[in-house]
Amino acid sequence: IVGCPAAGRWSLAVWSGADDTPTGDALATCAGAPVEAAYWLDPQSQGWLRFSGEHPELNSLKMLDNLQAVMLLGEEGP
């Protein structure tokens, strides 16, 4: 991920890896603060897809493609 967020902050980031990479695997490449949430606006449905490591039952953003931009929230520190 290029543009990983700082703890407790939002960032606009881009995945620079293989197409069809599981979102959790791509987000795990962020050093520093773990990613708490990711959002992507689907151009087809015009709806937001989301990823949360804490609530996988709510995940609709399953995979990332190369150069796909996402909004990320860095997990708050202790």
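Each residue of the range 36-49 in turn: what ³J(HN,Hα) in whole Hz from Karplus with 6.51, -1.76, 1.60 and θ = phi - 60°, glycine and Pro shown as x?
After applying 6.51 cos²θ - 1.76 cosθ + 1.60, I find 7, 8, 9, 9, 9, 8, 6, x, 6, 8, 6, x, 7, 9 Hz.
Determine the shape class of the range 18-71: with a ≥ b ≥ c the square roots of the Cα gyration tensor eigenvalues, call it rounded for a/c under 1.5, and otherwise prolate if a/b is greater than b/c, oblate otherwise.
oblate
When ligands, DNA and RNA are left out and all protein chains stay put, how many square angstrom of accessible area per residue does the range 1-69 have with a 1.4 Å probe?
Working: 4220 Å² over 69 residues.
Value returned for the range 1-69: 61 Å² of accessible area per residue.
Over the chain, with every protein chain in place, what whole percent of the accessible area is carbon and sulfur at 1.4 Å, could you tell me? Present the calculation step by step, with values, prior to reporting the outcome.
Working: 2680 of 4760 Å².
Carbon and sulfur atoms account for 56 percent of the accessible area of the chain.
Can you give the longest stretch of the chain with no exposed loop site, where a site means GluC sites (Glu not before Pro) in a DSSP loop (not H, G, I, E or B) with at most 13 other C-beta atoms within 10 Å?
Working: sites that count: E54, E76.
That gives 1-53 as the longest site-free run.
The values are calculated or read from the model by the stated rules, or taken from the named source; none is laboratory data. None of these values were measured; they are calculated from a predicted model. Because the Cβ atoms are built from the backbone with ideal geometry, glycine has one as well, and the counts that use them run over all protein chains shown. Just the protein is used for accessible areas: all its heavy atoms, side chains included, with ligands, DNA and RNA removed. Shrake-Rupley method; radii C 1.70, N 1.55, O 1.52, S 1.80 Å.
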